[in-house]
Amino acid sequence: MGASGTGIREESDGVGIGSGLGDRSAPRELAVWTRTPLGPAGRGESLDLLTARFDRHRYAPHAHQEFTIGVCVGGSEIIDYRGGRLHVGPGSIVVLDPGEVHTGGPGPCGGYAYRAMYPVQPLLTEGTTSLPHFRDPILDDPELATALRTAHTELSDGADPLEAESRLPWLLTALARRHGTARPVRDLVPGADRVALAVRDRLADELLAPPSLAELAAELDLSRYQVLRAFRDTMGLPPYAWLAQHRVTRARALLESGLRPAEAAALVGFADQAHLTRWFRRVLGVTPAAYRRSVRGPGFR
């Protein structure tokens, strides 16, 4: 899986292109590269994501400095790797180690489609004692494949930086522990309640510009995975979800006072009105505008 997508229809992700599968007269190639920040802009890392769909494209031999973690979502791909040939089909997870030369091209039945992410090496050591090695580059793990694909889709669409930073260590730790060689760190975080409450208070106090998970972890002398574990075990939610619900609660009071949704969104730290609306509906089941009308009465304009 290289760094540059195709004519295979991919209904569930909504990235199908072309008018149908029958017309194969011309190759249809599409690649969309996205860089999403992990933490506040300028203060955190970033993650590169690729959504690719190819009819005929073949990658020249190349290597990446980062891990390559991909999920095949359509067709079949052939990858030359470590002196052998990998045959990748839908639902398979492919993990290529940094620095390993590989190719990529369509299988015998035509094109291929995949979603890939390129995490830097430290992101795979959050929940392990060392950098994991993956003996088998093709993994059969439907649950994890679905989770990686969902995360890729949501991160490519522009997830909140804290959400992106919270999702990655959790997923990549699961990948490293299930299929890598490194030993896991202890999941039991000493003083987990204290850690969770300290993180909660920081997020609540810095609502408009919350600290990154990396900052919080460094201050607590823990890894991001350990902070996530302590917070989820104590609060029942990952930090980004708790923060979003706290913002919704604050926004409700502002809407009840007469502010418009766009004004409330800006005052509680949502990126825009659409961001507020997404979370408002997740938590309360209605849009901010509908909530505002209902609590202000039928005569309110």
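Here is a yes/no grid of residues against (1) under 24 Å from the mean Cα position of the chain (by Cα); (2) acidic (Asp, Glu); (3) modelled with pLDDT under 95:
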position	(1), (2), (3)
Phe67	yes, no, no
Asp80	no, yes, no
Val94	yes, no, no
His102	no, no, no
Gly107	no, no, yes
Gly111	no, no, yes
Ala116	yes, no, no
Leu123	yes, no, yes
Handout entry: Residues of segment 178-201 that turn out to be open to solvent by less than 60 Å² (accessible area, probe 1.4 Å) and more than 30 Å from Asp136 (Cα to Cα), as a count
Key = 7
Problem - Residues being within 17 Å of Leu168 (Cα to Cα), surrounded by fewer than 22 Cβ atoms within 10 Å (Cβ to Cβ) and of a type in the set (D, E, K, R) - total across segment 212-254 - result: 2
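Per-residue answers, yes or no, for (1) among the charged types (D, E, K, R); (2) modelled with pLDDT of 90 or more; (3) within 19 Å of the chain's Cα centre (by Cα):
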{"position": "Arg200", "(1), (2), (3)": "yes, yes, no"}
{"position": "Ala218", "(1), (2), (3)": "no, yes, no"}
{"position": "Asp221", "(1), (2), (3)": "yes, yes, no"}
{"position": "Leu255", "(1), (2), (3)": "no, yes, no"}
{"position": "Arg260", "(1), (2), (3)": "yes, yes, no"}
{"position": "Gln273", "(1), (2), (3)": "no, yes, no"}
{"position": "Phe280", "(1), (2), (3)": "no, yes, no"}
{"position": "Pro288", "(1), (2), (3)": "no, yes, no"}
{"position": "Gly297", "(1), (2), (3)": "no, no, no"}
Problem - Members of segment 128-155 that are open to solvent by less than 30 Å² (accessible area, probe 1.4 Å) and either within 9 Å of the chain's Cα centre (by Cα) or not hydrophobic (A, V, I, L, M, F, W, C) (or both) - result: Thr128, Pro132, Pro137, Asp141, Leu148, Ala151, His152, Leu155
Practice task
Go through the residues of segment 189-206 one by one and say whether even a single one is out of contact with any Leu (no Cβ under 8 Å at 6 or more places or on another chain), aliphatic (A, V, I, L, M) and part of a loop (DSSP other than H, G, I, E, B).
Solution key: no
Problem - Selection from segment 255-289 of residues that are open to solvent by less than 50 Å² (accessible area, probe 1.4 Å) and in a helix (DSSP H, G or I) - result: Leu255, Pro261, Ala264, Ala265, Val268, His275, Leu276, Thr277, Trp279, Phe280, Pro288, Ala289
Exercise for the section: Give Gly70, Gly83 a once-over and let me know the one that is small (Gly, Ala, Ser) and buried (at least 20 other Cβ atoms within 10 Å of the Cβ). Expected result: Gly70
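The values are calculated or read from the model by the stated rules, or taken from the named source; none is laboratory data. From a predicted model like this one, the values you see are computed outputs, not experimental measurements. Glycine gets a Cβ as well: all are built from the backbone with ideal geometry, and neighbour counts include every protein chain shown. Quick note on the areas: whole protein, heavy atoms, side chains included, nothing else; ligands and nucleic acids left out. Shrake-Rupley method; radii C 1.70, N 1.55, O 1.52, S 1.80 Å.
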